[in-house]
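The values are calculated or read from the model by the stated rules, or taken from the named source; none is laboratory data. Bear in mind the structure is a predicted one, so any value in this text is a computation, not a measurement. FYI the Cβ positions are ideal-geometry reconstructions off the backbone, even for glycines, and counts take in every protein chain you see. Remember, those area values only see protein heavy atoms, side chains included, never the ligands or the DNA or RNA. Shrake-Rupley method; radii C 1.70, N 1.55, O 1.52, S 1.80 Å.
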Amino acid sequence: MVIFDWDGTLMDSVDRIVDSWQRAATELALRVPDGEEIRSIIGLSIDAAIEALTPELDSQQNQAFQHQYRQWYLQRSQVETPLFDGAEELLHTLKRRGYQLAVATGKGRPGLERVLAQSGLGALFDASRTPTEAASKPNPEMILQLCQQLRCDPAAAVMVGDALFDLEMANRAGAVGVGVSYGASSVAKLQQAAPRAIIHHPMELMDVLP
C-alpha cells in the first residue's frame, strides 16, 4: 500500500495555504507569521497548526481565525492549486501495478472530499484518513487505521509526504517513509526522519518501491 499526504505532495497548494493564513491573520489583526513559519506546520490539523503558531489565541479568536482562513482558502485566495506535474500519472501507474492507494492528510474530511472531487482522483484511492477520524500527525493513528482497513501490515506500507510530520508518523507506525523535496519542507529537514528516500519528482517513487 502507498499512502500519500495531499498538500505539497500531490497538490501544489502550499502557497495558497500561506496566502490564506496571512490574509486571515491580517483581517483579524492577529500576528502574521512569515511564510517559513506557516510552511513548517503544513500537514498538521488546523487545530494543531494554530496551537503551534499562535497558542495565545482564545477560543473565540481561534474560531474566528478558522472561519476566515477557510473563507480565504476556499473562495477568496487567487493562488492556484494545480496537481504537481506527474502526480496523476504516478497514481494511475501504481493502480495498474496493483498497489492499494490511500490518503493521510491534515485536511479535515470536508476539505479532502472537495479536492478529491475537484481533481477527479477520488476513485483511485481505496481509503483515506483525516484529523476528523484520527489523531493529527505525527501520531501514527492514521496509518494504523488505514492498514487495518485495507489489511496491510504497516511494514508493507509506504508513506509519501513533504513534511517531517509525515515521515515521523511513518516511523511511529512501523511503515516506510519517503519524502518529497518539492513541497513545504527542505531536504535537510526531511532527512531528520531518516526516510528510505527523498524524491524530486512524483514519478521517481517508482524507483523506490519494491
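Numbers for the structure displayed
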| quantity | calculated |
| --- | --- |
| Equivalent-ellipsoid semi-axes of region 29-93, from the Cα gyration tensor, Å, largest first | 28, 14, 11 |
| Accessible area of His67 in the full protein assembly, 1.4 Å probe (Å², nearest 10) | 110 |
| Å² per residue, accessible surface of region 112-210 at 1.4 Å | 43 |
| Potential extension, Arg31-Ala194 segment - 0.36 nm per residue separation minus Cα distance | 55.3 nm |
| Mean-position separation - Cα centroids, region 24-60 and region 142-184, in angstrom | 25 |
| Distance between modelled label sites at Arg172 and Ala156, nm, 7 Å Cα→Cβ extension | 2.5 |
| Fraction of antiparallel bridges per DSSP, the chain only, in percent to nearest 5 | 5 |
| Sparse-neighbourhood loop sites, trypsin sites (Lys or Arg not before Pro) in region 92-161 - DSSP loop, at most 14 other Cβ within 10 angstrom | Arg97, Arg151 |
| At q = 0.07, 0.10, 0.14 Å⁻¹, base-10 log of I(q)/I(0) for the chain (Debye sum, equal scatterers on each alpha carbon) | -0.19, -0.40, -0.78 |
| Gln148/Val208 FRET efficiency (R0 41 Å; Cβ-Cβ; nearest 0.05) | 0.95 |
